[in-house]
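The values are calculated or read from the model by the stated rules, or taken from the named source; none is laboratory data. Everything numeric in this text was worked out from a predicted model, so none of it was measured. Cβ sites come from the backbone with ideal geometry, for glycine too, and all protein chains shown count toward neighbours.
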Amino acid sequence: MKKYVIIVAGGSGSRMGTDVPKQFLMLQNKPILLHTIEKFVQTVPEISIVLVLPKSQISYWINLCSEQIHIPAHEIVTGGETRFHSSYNGILSIQEDEALVAIHDGVRPFPSEKSILNAFQQAEEKGNAVFAVDSKDSIRKWNANKQNFEAVKREEIKIIQTPQIFKLSSLQEAFNKGYKPFYTDDASVVENNGEEIHLIEGNYENIKITTPEDLLLAEVILKNN
């Protein structure tokens with residue numbers, strides 16, 4: 001089955017404290033976003049890349065690409081008002097009867113190759129596969145009735161990551177029903193359409209780079225890879 005990855009990159013530089021959107025910040029002389037694209041091409045060479053960017057950032061990205069020696073082929077799609085709408089625009093750009101489609105954060109450049117391959121395999125067999133890792137921290141949640149925070153069993157908690165991989169038909173059916181404010185990620189859209197979500201083991205290095213501290217950690221991860 002043909003494979004796609006929709007890479008959604010709509011962030012700003014606010015939490016980084018920069019004027020440059022975080023996905024365009026340099027990491028060992030390459031934009032973070034380029035590292036992310038290259039990871040998927042290196043892992044699944046035949047994959048088709050759909051890059052979703054805000055309209056205001058497309059020309060900036062094209063200029064960045066002109067400064068790099070090699071840029072994997074990719075289609076650029078204009079993003080939407082929310083993450084839901086940006087993902088949906090990416091889905092609408094895929095003209096296939098059926099395919100396996102990963103949706104991934106542009107600022108997560110370190111999903112492991114093993115996990116990506118396992119996720120595509122499980123998605124083909126079970127309909128979807130979502131990266132997740134166990135929580136390393138103790139967790140408490142707010143109890144509105146008791147007006148206090150209560151401990152949660154750590155083994156009952158999963159930290160959700162991307163990529164999240166689905167069959168194209170499942171995404172089309174779920175997203176065609178429209179946006180709901182309680183959607184937290186692409187998996188919640190598909191789940192709300194009645195499909196069971198299957199978690200697979202992700203990797204802790206698969207961080208989402210959103211703060212200066214994340215950028216420092218990313219430098220260390222890249223040096224050790």
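Quick notes on this one:
- For the range 62-95, the set of residues classified as in contact with a Lys or Arg (Cβ under 6 Å, 6 or more places away or on another chain) and either under 16 Å from residue 166 (Cβ atoms) or among the charged types (D, E, K, R) (or both) is empty.
- Selection of the range 153-177 for residues being at pLDDT below 95 and either surrounded by 14 or more Cβ atoms within 10 Å (Cβ to Cβ) or closer than 17 Å to residue 48 by Cα (or both) yields only 157.
- Here the strands (runs of 3 or more DSSP E) wholly within the range 131-225 that include at least 2 residues being in contact (Cβ under 8 Å) with a residue 60 or more places away in the chain and either within 30 Å of residue 4 (Cβ to Cβ) or among the β-branched types (Val, Ile, Thr) (or both) are 158-167, 199-201.
- Filtered by the rule that a residue be touching a Ser or Thr at 6+ places or on another chain (Cβ under 9 Å) and either under 13 Å from residue 35 (Cβ atoms) or hydroxyl-bearing (Ser, Thr, Tyr) (or both), the range 188-207 gives 205, 206.
- Subset of the range 178-219 [surrounded by 22 or more Cβ atoms within 10 Å (Cβ to Cβ) and acidic (Asp, Glu)]: 186
- Tally, over the range 52-87, of residues that are of a type in the set (Ser, Thr, Tyr), more than 20 Å from residue 40 (Cα to Cα) and within 19 Å of the chain's Cα centre (by Cα): 2
- Residues that are among the charged types (D, E, K, R) and within 30 Å of residue 20 (Cβ to Cβ), drawn from the range 163-218: 185, 186, 205, 208, 213, 214
- Taking (1) in contact with a Ser or Thr (Cβ under 7 Å, 6 or more places away or on another chain); (2) more than 16 Å from residue 102 (Cα to Cα); (3) of a type outside the set (Val, Ile, Thr) in turn, residue 214 satisfies each apart from (1).
- For the residues 148, 128, 143, the requirement of being touching an Asp or Glu at 6+ places or on another chain (Cβ under 6 Å) and more than 28 Å from residue 215 (Cβ to Cβ) singles out 143.
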